[in-house]
1. Would you call Val23 at pLDDT 80 or above, more than 38 Å from the chain's Cα centre (by Cα) and β-branched (Val, Ile, Thr)?
2. Are any residues in the range 138-168 farther than 30 Å from His104 by Cβ and modelled with pLDDT under 50, and if so, which ones?
3. Got a number for residues in the range 88-111 being assigned to a helix (DSSP H, G or I) and either touching a Pro at 6+ places or on another chain (Cβ under 9 Å) or touching a residue at least 60 places away in the same chain (Cβ under 8 Å) (or both)?
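The values are calculated or read from the model by the stated rules, or taken from the named source; none is laboratory data. Note that the structure is predicted; figures quoted are calculated from it, not measured. We place every Cβ from the backbone using ideal geometry, glycine too, and count neighbours over all the protein chains shown.
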Amino acid sequence: MVLNEQKDQCVLWFHETKSPINVQHAFQRCYGCNPPDTKSIKRWYEKFKETCSVTDIPRSGRPSVSEATVELVRQLFQWSPTKSTRQASREFQILQTSLVRILHKRLWLNAYKVQIVQDLQQMIARDVQNSQLRFRIDVKSDYLNRICFSDESTFHVSGMVNRHNVHIWGSENPHVPAQLQRDSPKVNVWRGLKYNKLEEFQPWIMFQQEGAPPHWGSLVRDFLDETFPDQWIGREGPTPWPPRSPDFTPLDFFFWGYIKDSVFGTPIADVKELKAKIQAAVCTVTEGMLKNTWQEL
């Protein structure tokens, strides 16, 4: 273990020579023992420049990350369990290592990679209790027909998923299967879906907002309150929407699967062709298909 006096001398030598190798040689000649590594020498020097000391500042004992930040991280990964820690660290403006520490040490979550299989089959398990709406709807024959559901999805040129970039954060392994791809270009698609068709927003429309934290800021909620006063569904909205309930929306249990089956029926060469096939597939959705889908709600 290097004493603080020896660290001070290393800082002085490094200031004079600007060479960690020379510092190591001087240390060995002066003290007759193995010298510290070059990283430690540079770290002590930088610390001395910042604090005028190589001694660590005593810690207060309080956690470096506030409980409010921990709660925000919990909410984010509850709504978006596949979000990368790099993206989340940018959103919260904290170090990625600190975010990973919160997930592991404070929230007790683990990162599970998806499983590669030969044939990708999407199966929606419908538990009766989980499929019941957790918000109360007035008994009106046209209520569900008035809702405009919204969501977004990512389309890769390869039509596959890279398991090295896809982690699902949770307390248990969800055992999600997927196919492998390598560096495939992609397109993000947003869609609003209604009972039959939507030519323009009418005053009686109920808008369902996808509730991930990035889409839940005060600016978004203010816009929804102004555009759809008392007529939007979402987190802390006039009509609340249960978290982690994607199978309630026709976009998840019908639309995205139908569109991707149409788009990826044959191999795609590039992003331009991918966009064209997405647009063509969307145009094949008929009024009758939408009405039949609404019967599943």
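1. Taking the combined requirement at face value, the residue satisfies it.
2. Matches in the range 138-168: Asp138, Val139, Lys140.
3. Summing the residues that are assigned to a helix (DSSP H, G or I) and either touching a Pro at 6+ places or on another chain (Cβ under 9 Å) or touching a residue at least 60 places away in the same chain (Cβ under 8 Å) (or both) in the range 88-111 gives 3.
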